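Engineer: Could you have a look at this structure, given as structure tokens, before my questions?
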Amino acid sequence: FTFVDVAEKPLPSLLRGFSAPVRLSFPYDRDQLMFLMQHDSDGFNRWDAGQQLSVQVLQELIAQHQQGQPLVMDQRLITALGTVLADEQLDQAMVAEMLSLPGEAYLAEISEVADVDAIHAAREFARQQLADGLFDSLLARYKANRELSKATPYVAESAHFARRALQNIALSYLMLSGKPEVLAATIDQFDTSDNMTERLTALAVLVNSPFTEERDKALAVFAENFKNNALVMDQWFSVQAASTQPGGLQRVQELMKHPAFSIKNPNKVRALIGAFAGQNLINFHAADGSGYRFLADLVIELNALNPQIASRQLAPLTRWRKYDSARQALMKAELERILASGKLSADVYEVVSKSLAE
């Protein structure tokens with residue numbers, strides 16, 4: 001097709017509505033991605049432009065960290081997300097999704113060699129920059145949605161889900177400020193919310209904060225209130241296992257001694273061990289290999305109790321080729337130790353032997 005009377009070079013919005021399930025490569029530059037984030041009328045493409053820009057910014061920060069350079073944030077991402085936050089006509093669930101940066105596991109997956117330390121440092125820096133640059137807008141959105149949550153009873157409707165989603169991700173950014181007013185708002189949400197979504201988010205925000213006294217109090221209150229609800233306690237374990245605060249392995253080891261945890265209970269193993277090894281990259285991939293030794297010991301123990309669960313917990317170790325040479329050697333050594341431990345179930349043997357042979 002040839003289009004005439006076009007005043008300036010157009011910017012295409014391709015495959016609108018995710019109309020074809022394909023991987024599309026188009027050479028958008030960052031200014032174009034920022035424009036699409038701010039103005040595209042197609043929801044999927046607007047979100048996708050945000051993800052592409054976020055990945056490019058994060059990869060640039062990762063490279064800066066690896067080269068020992070000061071981290072410098074591309075302000076275009078902050079500007080674009082500021083426009084998204086200010087757009088009150090945009091569905092709140094969409095705003096929440098656009099504020100969600102690509103996770104560390106995804107950044108590791110798309111890296112040729114996953115540098116766990118650089119990925120974590122880059123993403124945490126980006127989150128802090130967004131929190132600082134958008135603080136007033138995030139606080140305004142949080143307060144407005146929180147007041148609505150307080151004023152209206154819980155209803156399982158999409159509009160309410162969207163409102164809570166934006167409220168909760170705003171709170172997670174706001175806590176990065178360390179401001180007393182945000183801490184007070186988080187505690188209030190934890191204490192007074194009438195639904196588990198808001199309460200668990202407040203708990204997770206506290207667990208990932210430097211406010212240790214308030215964190216410990218909230219964890220104790222939550223455990224006491226829900227000690228007889230096994231599924232809710234699974235969430236209590238997972239929130240702590242996934243925390244990227246230092247000392248992650250030690251926390252998990254202590255939690256394994258908790259009366260509500262049983263290594264014979266698959267849900268508890270998934271909630272605690274699975275969350276730690278699968279979601280907490282910076283702590284699981286500790287440079288000394290302690291996370292790998294811990295998981296290997298657990299798999300050897302689980303092999304005799306529940307071979308299926310044991311084999312599924314192995315997944316993080318089987319990706320050993322994705323990491324730097326030092327971590328590769330440590331992960332491979334633990335797989336070899338599992339293989340040599342004797343009397344492996346068919347499930348565990350298959351996973352370990354295939355991983356080492358590939």
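Engineer: Could you look through segment 225-245, keep only residues that are more than 15 Å from Ala204 (Cα to Cα) and of a type outside the set (Gly, Ala, Ser), and pick out the one that is surrounded by the most Cβ atoms within 10 Å (Cβ to Cβ)? Before the answer, list the steps.
Structural biologist: Taking segment 225-245 first, the residues more than 15 Å from Ala204 (Cα to Cα) are 225-231.
Still in the running and of a type outside the set (Gly, Ala, Ser): 225-229, 231.
Working: Asn225: 12, Phe226: 17, Lys227: 13, Asn228: 8, Asn229: 12, Leu231: 10.
Out of the qualifying residues, it is Phe226.
Engineer: Before we move on, is Asp87 in contact with a helix residue (DSSP H, G or I) (Cβ under 8 Å, 6 or more places away or on another chain) and modelled with pLDDT under 95?
Structural biologist: On the way: in contact with a helix residue (DSSP H, G or I) (Cβ under 8 Å, 6 or more places away or on another chain): yes; modelled with pLDDT under 95: yes.
Yes, satisfied.
Engineer: Kindly establish whether Thr192 is over 23 Å from Ala121 (Cα atoms), among the β-branched types (Val, Ile, Thr) and touching a residue at least 24 places away in the same chain (Cβ under 8 Å). Before the answer, list the steps.
Structural biologist: Numbers: over 23 Å from Ala121 (Cα atoms): yes; among the β-branched types (Val, Ile, Thr): yes; touching a residue at least 24 places away in the same chain (Cβ under 8 Å): yes.
Answer is yes for this residue.
Engineer: Given the structure, is Leu99 within 22 Å of the chain's Cα centre (by Cα) and buried (at least 19 other Cβ atoms within 10 Å of the Cβ)? It would help to see each step written out before you state the result.
Structural biologist: Numbers: within 22 Å of the chain's Cα centre (by Cα): yes; buried (at least 19 other Cβ atoms within 10 Å of the Cβ): yes.
Here the answer is yes, as Leu99 does meet what is asked.
Engineer: Go through segment 97-106 and count every residue that is outside any loop (DSSP other than H, G, I, E, B) and either in contact with an Asp or Glu (Cβ under 7 Å, 6 or more places away or on another chain) or not aliphatic (A, V, I, L, M) (or both).
Structural biologist: Looking only at segment 97-106, we keep the residues that are outside any loop (DSSP other than H, G, I, E, B), and these are 97-99, 104-106.
Keeping just the survivors that are either in contact with an Asp or Glu (Cβ under 7 Å, 6 or more places away or on another chain) or not aliphatic (A, V, I, L, M) (or both) gives 97, 104, 106.
Result for segment 97-106: 3.
Engineer: Still on this structure, please answer the following. Cβ-Cβ below 6 Å, separation at least six or inter-chain, first residue in segment 231-242 and β-branched (Val, Ile, Thr), second modelled with pLDDT of 95 or more and part of a helix (DSSP H, G or I): which pairs?
Structural biologist: As it stands, the answer is Val232/Phe226; Val239/Leu203; Val239/Ala204; Val239/Val207, since those pairs meet every condition given.
One line per residue, one yes/no per condition, for (1) among the charged types (D, E, K, R); (2) crowded, with 17+ Cβ neighbours inside 10 Å:
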position: Ala271; (1), (2): no, yes
position: Ala275; (1), (2): no, yes
position: Asn283; (1), (2): no, yes
position: Ala296; (1), (2): no, yes
position: Leu305; (1), (2): no, no
position: Ile309; (1), (2): no, yes
position: Trp320; (1), (2): no, yes
position: Arg337; (1), (2): yes, no
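Engineer: Could you look through segment 25-50, keep only residues that are of a type in the set (S, T, N, Q) and more than 11 Å from Leu14 (Cβ to Cβ), and pick out the one that is nearest to the chain's Cα centre (by Cα)? Steps first, please.
Structural biologist: Kept after step one, since they are of a type in the set (S, T, N, Q), are these residues of segment 25-50: 25, 32, 38, 41, 45.
Restricting the remaining residues to those that are more than 11 Å from Leu14 (Cβ to Cβ) gives 32, 38, 41.
Values: Gln32: 27, Gln38: 24, Ser41: 27 Å.
Out of the qualifying residues, it is Gln38.
The values are calculated or read from the model by the stated rules, or taken from the named source; none is laboratory data. This is a predicted model, so every value here is computed, not measured. Glycine also receives a Cβ, built like all others from the backbone with ideal geometry; neighbour counts cover every protein chain displayed.
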